[in-house]
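Take a look at the structure below.
The values are calculated or read from the model by the stated rules, or taken from the named source; none is laboratory data. The structure displayed is predicted, hence computed values, not measured ones. Note that each Cβ is placed from the backbone with ideal geometry, even for glycine, and that neighbours are counted across all protein chains shown. For accessibility, only protein heavy atoms count, side chains too; no ligands or nucleic acids. Shrake-Rupley method; radii C 1.70, N 1.55, O 1.52, S 1.80 Å.
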Amino acid sequence: MNLSEMSSLKGRDFITTQEWSREEINHAIETAVHLKKLKKENKPHRYLPDKTLFLFFFDKSTRTRNSMEAGMTQLGGHAHFISAETSQVAHGESPKDMGIILASYGHGIAIRHDLVPGEGNAYMREVAQHAEVPVMNMQCDIDHPFQMFADLMTLREEFGDDLRGRKIAVSWAYAPSYAKPVSVPQGLISLMTRFGMEVTLAHPPEFKLMPEMIKQAEVNAKAHGGRFDIVDSMDAAFENADVVYPKSWGILDLFGKPEEALAIAKNYKSWICDAKKMSLAKKEAIYMHCLPADRGSEVTDEVIDGPQSRVYPEAENRLHTAKAIMALTM
Ligand code: CP
């Protein structure tokens, strides 16, 4: 059986979750559940025999790279890792030439280009315009759709398929390691509102998200019976939440000067997810984070290693959802 042959998603790009209908998203999550079961039962599931996927990275990765490489192997195909730094892109080769040529060698192109607002998503769309194979977004400046599908799957495992009325707190948190992309909080506010969740966003004044993504979240909440609110403290966001998702991100205008953003972030070291903040959420609330987390800054060990944390199942679901998307589109 070839999953993609049976799928209306064969050949589709995967650039933002917004471009897939809720039915298509549900189908992808159901496929991920099926693939997770097969893996747990050690049953072979070679839905992409002899297929090649190119993984093109402009930034570092642990989960995304390895879930996709391992996933392609388990599906019977192969993934090539390409670093932008060591390819001819570093010498200025165009996305058009790269897209046409890699498409002629394989069956899919996945790209991570997440640290320059205004560039990553546009780059992928240019590759997609010229590549005759699906183009997948492994995180851009706007969205992180692979992470979003894994998060949706994790939420459904916890609360069931109907997430309407569940409150998720998407909060900025302090991190000294690097100015992290804005694509995860943006992906969360735009996707979870489409499934009727009550999404509350919190951040210090300098750490705003892109206005078009705020608008998208408002439109999605209105269309699907969810809620979208913005508050100015982690405490306010956590109040009565079913899910807390505190993580750091950078300042939109300062991705070219990350040291300045990190200096401003130091004013907000109190934005850490600790046991006291967790006590503001519902007693049975869960803690999520896409990882990597700055332990001791974004979150205490007590919380991330505690009973409410779901970070490891969430990270594991990156594998199953990545395999579903690759198997359905390639
Ligand atoms: N969550 C996530 O995308 O992790 P990596 O940066 O390690 O790929």
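Segment 252-291 and segment 189-206 have their alpha-carbon centroids 15 Å apart.
Amide H to amide H distances under 5 Å link residue 309 with 287, where only residues 5 or more positions off or on other chains count and H is placed in the peptide plane. Amide H contacts under 5 Å for residue 80: 53, 54, 55, restricted to partners 5 or more places along the chain or on a different chain, H placed in the peptide plane at 1.01 Å from N.
Work out from phi, with θ = phi - 60° and the Karplus expression 6.51 cos²θ - 1.76 cosθ + 1.60, the ³J(HN,Hα) of each residue of segment 220-232, listed in order in whole Hz, and give x for Gly and Pro. So the J values, rounded to whole Hz, are 5, 4, 5, 6, 10, x, x, 9, 9, 10, 10, 10, 10.
What's the percent breakdown of Cα-Cα distances in the chain across 20 Å bins, shortest bin first? The distribution over the chain is 33, 59, 8, given as percents. In percent, rounded to a whole number, the relative contact order of the chain is 21, using alpha-carbon pairs under 8 Å and six or more apart.
Per residue, the chain exposes 42 Å² of solvent-accessible protein surface, assessed with a 1.4 angstrom probe and all protein chains in place. Rounded to the nearest 10 degrees, the inclination of helix 311-329 to the longest alpha-carbon principal axis of the chain is 30 degrees. When you filter the GluC sites (Glu not before Pro) in segment 17-55 for DSSP loop state and at most 15 other Cβ atoms inside 10 Å of their Cβ, you are left with 41. Note on segment 58-98: the alpha carbon radius of gyration divided by the globular reference 2.2 N^0.38 Å gives 1.38. Given in Å, the Rg to one decimal and the Dmax to the nearest whole number for the Cα atoms of segment 147-314 are 14.7, 42.
Across segment 42-47, coupling constants 3J(HN,Hα) worked out from phi with the 6.51/-1.76/1.60 Karplus curve, θ = phi - 60°, read 6, 9, x, 8, 7, 7 Hz, and Gly and Pro carry x.
DSSP beta bridges in the chain, what fraction antiparallel, as a percent rounded to 5?
On the way: 0 of 36 bridges.
So the antiparallel bridges in the chain amount to around 0 percent.
Roughly what angle does helix 145-159 make with the longest principal axis of the chain, taking Cα atoms, 0 to 90 degrees, to the nearest 10? Between the helix axis and the principal axis of the chain, the angle is about 60 degrees.
The portion of the accessible surface of segment 76-144 made up by carbon and sulfur, rounded to a whole percent, is 51 (1.4 Å probe; DNA, RNA and ligands excluded).
Expressed as a whole percent, the accessible area of segment 147-314 that falls on carbon and sulfur atoms is 51 (1.4 Å probe).
Just subtract the alpha-carbon distance of residue 159 and residue 66 from 0.36 nm times their residue separation and send over the number in nm, one decimal. Don't skip to the answer; put the middle values down first.
Details: separation 93, 0.36 × 93 = 33.48 nm, distance 2.76 nm.
Here the answer is 30.7 nm.
For the chain, the longest principal axis of the Cα atoms and the long axis of helix 63-74 meet at an angle of about 40 degrees.
If each of residue 88 and residue 229 carries a label point 7 Å out from its Cα toward its Cβ, how far apart are those two points in nm? Here the modelled spin labels are 5.5 nm apart. Pairs exceeding 24 Å between alpha-carbon atoms, taken from 222/269; 37/323; 247/277: 222/269. Assuming charge only on the beta carbon of Lys and Arg (+1) and of Asp and Glu (-1), the dipole of segment 196-330 about its Cα centre is about 260 debye to the nearest 20. Which trypsin sites (Lys or Arg not before Pro) in segment 39-143 sit in a loop by DSSP (not H, G, I, E or B) and have at most 16 other Cβ atoms within 10 Å of their own Cβ? Answer in residue order: 46, 60.
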